[in-house]
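Working notes for the structure below.
The values are calculated or read from the model by the stated rules, or taken from the named source; none is laboratory data. Predicted, not measured: the structure shown is a model, and the values here were computed from it. Reconstructed Cβ throughout: ideal geometry from the backbone, glycine too, with neighbour counts over all protein chains shown. Ligands, DNA and RNA are stripped out before the accessible areas are found, and what is left, the full protein with its side chains, is counted by its heavy atoms. Shrake-Rupley method; radii C 1.70, N 1.55, O 1.52, S 1.80 Å.
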Amino acid sequence: MFRRIYTIFKEWEINMFKILVVEDDKNISQLIKDTLSLNSNFIITCVMDGEQALNEIHQEIYNIIILDIMIPKINGFEIFEQIKDSGIPIIFLTAKTDIESKIKALRNGAQDYITKPFEPLELLARVELRLKKDVSYIINYKNITINTKERTVLKNDEKIELAPKEYDLLILLINNIGSALSREYILKNVWDIDTFIETRTIDYHIQQLRKKLNLKNEIVAVNKIGYRLEKINEI
């Protein structure tokens, strides 16, 4: 229905990404953190064992996890089994160089498998490449995150339930941010019809988006035309 879906922050570099590093060697952990910090858009959290890792994963939303295998309390493979269906990309970074471990990880859904010793800048490049692939279907606007692949909407990391047409209308507004959209254009692209329906139908869905996502000041009425979603730097 829509010509394109893109992030409000068009360049991926201005998105902030949360990365969890699970590594029990303090020196290696610090090396990973220092290297990833070369990208100013990465927020890095480091933990030393499997229990801490699972606690973090249950409490926070991470964009990617760098996971050692031989760590205390709960090993990396056991963690992976518990979270592999979560959709969080996993990069194993481990001293286990045997082919069996590598095949096991990749066949079960790991995004990458890097063995120690490793080249720090190569790790940074692999993480950036993985996140560039992910950002194509992630939309950020203010405190709202939209996953167009899953059709989910989060506000302050809390899931917001939108009706199908509310979601479609939100995407249409975001795809045309800063532009005034006529009611006719909205009808064609959200309801897929050319004939006019009651004005209250569009107005009702706008009101729901304003209420559910706290966008009262951002979705503005354009006199005798329709509606516009304001650019962030203009609010």
In the structure shown, of LYS104/LYS133; LYS132/LYS211; LYS159/LYS231, the pairs separated by more than 30 angstrom at the C-alpha atoms are LYS132/LYS211
For 18-25, 164-171, ranked highest to lowest by mean beta-carbon neighbours within 10 Å, the order is 18-25, 164-171
Cross-link reach from LYS165 to aspartates and glutamates, straight Cα distance under 18 Å and at least 8 residues apart if same chain, gives GLU150, GLU184, ASP192, ASP194, GLU198, ASP203
extent check for segment 44-143: Cα max minus min per principal axis, descending, whole Å, gives 44, 28, 24
The chain -> Rg/Rh from Cα coords, Kirkwood Rh, value 1.08
Under 5 Å from the placed amide H of ILE44, counting only residues 5+ away or on other chains, we find ILE19
SASA check, LYS212, accessible area w/ 1.4 Å probe, all protein chains in place, rounded to nearest 10 Å², comes out at 60 Å²
Dividing the helical contributions, -39500 (n - 2.57) per DSSP H run of n ≥ 4, by the residues of the chain yields a 222 nm value, nearest 500 deg cm²/dmol, of -11000 deg cm²/dmol
Between THR115 and TYR137, Cβ-based FRET efficiency (R0 45 Å, step 0.05) works out to 0.90
Any DSSP H helix in the chain with Cα axial reach of 30 Å or more and mean Kyte-Doolittle score of at least 0.5? Listed by number, the hits are none
